[in-house]
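*Asks:* Can you keep this structure in mind? I'll have questions shortly.
The values are calculated or read from the model by the stated rules, or taken from the named source; none is laboratory data. Computed from a predicted model, the values in this text were never measured in an experiment. Virtual Cβ from ideal backbone geometry, glycine too; neighbours counted across all protein chains shown.
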Amino acid sequence: MTKPDRTFIQTLETEAGKWLEEGIVEPEQKDRILERYAGMKAAEDKAGPTKLITAISVLGSLLVGIGVLLFVASNWSRIPNAGRLAIIFISLLASYGTGFFLRYERRNSPRVGAGLILLGSLIFGAGIFLIAQMYHISVHYPNGPLIWGLAALPLAYLLGLNSLLSLAIIDLLLWLGMEATFSLSFFSAYGNITVFIALFLMAGITLWAFGLMHRGFPSLEHLSGPYLGIGLFLTLASGYVLTFAFMQWHFGASALRYFYYGFTILFAAALTLFIVKGEKGKTWIAETVFLAALFLIVLLFCLTSKGFLGTSPETYSTEYTRRDQGYSMLRLAFNLLYALQIIGVIVLGYLRRNRAYINLGLVFFVLEVIARYFDFFWKLMPRSLFFIGGGLLLLAGGIVLEKKRRTVLASFNLEAD
């Protein structure tokens, strides 16, 4: 069981007051409930929020890691191979050892210990590339982040650290991007980044499904955050990019078929595990249906794309030059799909009482409004009126959205930031 944070304690105080008003609990019971967490609240009031300590520890680890890399890089040519190896392995063992000692032995600085363990994983990843460079090892270079991510992943589960899990996910996404570039040589030559973005859209939805699956199991719930956070952001960000005019015809590529099949298997497995075994809340059906529909639409676009079915370079170049009615319809479909996607995320946030869903959905809604404003009105009015109108639109929109956001959060007792 994870420790309740300050937000939980504040929500509990509000709820306990309502329980008392409604006669659910007696005054003595309310006091006993709040007394249980009074010590943690007092400690946080004096020492600072635990999330702030965690953030400082993680930032400190990153700065130390960058400093070590800069020191080694600036003196690399003057250090013999034995010295280089000593620096890498001593730094690695010192970070892991000290972090484990502080977090699990003395237990007096668990968050600093977690930051040092993260630093050890960063040094491990840097060591992979440095050792390969030292001995001129000629390998498939995407294997570097793949090994790094696969090494950090089990350690994250073993220690239950979200920071390590986030690092592992980012490493594997980096590998995905690097590996895809080898398979997209034909499309890359013609500048088609739509295929690349669509692949990350599918990856984001799959990560989101993994977060849903983790959230459904009590033993894995504490590790659902990185999957949900990165997956939701990647899904919204990739979908947003696909709404722009410079996106091209091909949504999928036959060279990436194994990625599509792999993501389909992973997505189906995660959702099936959640449906069959996971503990589900009241809104699980809505989120499951939303995710399944979104994934199937993206998969359908990829598998029926001309890039997936096969198009010669000459045909591709001709289609790109024409920008005919079919392309306009495809772009309209992307924009409609993205609008439904944003609405779905905000509705899910309201149903789940999840502030992150609502906030992120509103952010990308504003970005979408800004993008379409520039698309449609830039050439239709004088430049001065364009900027004045855009500014007034944003100010009015900000007031309306902030008011709506506070109303939604207040409806389920969440404190707006």
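*Asks:* Given the conditions (1) touching a Leu at 6+ places or on another chain (Cβ under 7 Å); (2) closer than 18 Å to residue 352 by Cα; (3) aromatic (Phe, Trp, Tyr), report the number of the one that residue 284 does not fulfil.
*Replies:* (1)
*Asks:* Residues in region 360-376: is at least one within 20 Å of the chain's Cα centre (by Cα), of a type outside the set (A, V, I, L, M, F, W, C) and modelled with pLDDT under 85?
*Replies:* The answer is yes; a qualifying residue exists.
*Asks:* Further, regarding this structure: Cβ-Cβ distance below 6 Å, separation of 6 or more or different chains: which pairs start in region 135-162 with a residue that is farther than 29 Å from residue 80 by Cβ and end on one that is surrounded by fewer than 18 Cβ atoms within 10 Å (Cβ to Cβ) and aromatic (Phe, Trp, Tyr)?
*Replies:* Every condition considered, no pair remains.
*Asks:* Among the residues of region 103-117, is there at least one that is under 19 Å from residue 177 (Cα atoms), out of contact with any strand residue (DSSP E or B) (no Cβ under 7 Å at 6 or more places or on another chain), modelled with pLDDT under 90 and aromatic (Phe, Trp, Tyr)?
*Replies:* Checked against the condition, which is being under 19 Å from residue 177 (Cα atoms), out of contact with any strand residue (DSSP E or B) (no Cβ under 7 Å at 6 or more places or on another chain), modelled with pLDDT under 90 and aromatic (Phe, Trp, Tyr), region 103-117 yields no hits at all.
*Asks:* Of all residues being under 12 Å from the mean Cα position of the chain (by Cα) and hydrophobic (A, V, I, L, M, F, W, C) in region 157-167, which is nearest to residue 122 (Cα to Cα)? Just the residue, please.
*Replies:* 167
*Asks:* Further, regarding this structure: Quick one: would you say residue 207 is modelled with pLDDT of 90 or more, over 25 Å from residue 113 (Cβ atoms) and either not in a loop (DSSP other than H, G, I, E, B) or not basic (Lys, Arg) (or both)?
*Replies:* yes
*Asks:* When region 3-35 is examined, which residues are found to be under 30 Å from residue 109 (Cβ atoms) and either modelled with pLDDT under 65 or exposed (fewer than 12 other Cβ atoms within 10 Å of the Cβ) (or both)?
*Replies:* 3, 4, 5, 6, 7, 8, 9, 10, 35
*Asks:* Further, regarding this structure: Only one residue in 126, 86, 82 is touching a residue at least 60 places away in the same chain (Cβ under 8 Å), of a type in the set (Gly, Ala, Ser), out of contact with any Pro (no Cβ under 7 Å at 6 or more places or on another chain) and in a helix (DSSP H, G or I), so which one is that?
*Replies:* Criteria check complete, one pass: 126.
*Asks:* Collect the residues in region 276-291 that are in a helix (DSSP H, G or I) and surrounded by fewer than 16 Cβ atoms within 10 Å (Cβ to Cβ), keeping them in residue-number order.
*Replies:* Passing the criteria: 276, 277, 285, 286, 289.
*Asks:* Looking at (1) surrounded by 15 or more Cβ atoms within 10 Å (Cβ to Cβ); (2) more than 30 Å from residue 254 (Cβ to Cβ); (3) of a type in the set (Phe, Trp, Tyr), find the lone condition where residue 135 falls short.
*Replies:* (1)
*Asks:* Could you figure out which of (1) surrounded by 17 or more Cβ atoms within 10 Å (Cβ to Cβ); (2) aliphatic (A, V, I, L, M); (3) modelled with pLDDT of 95 or more isn't true of residue 265?
*Replies:* Unmet for residue 265, out of (1) surrounded by 17 or more Cβ atoms within 10 Å (Cβ to Cβ); (2) aliphatic (A, V, I, L, M); (3) modelled with pLDDT of 95 or more: (1).
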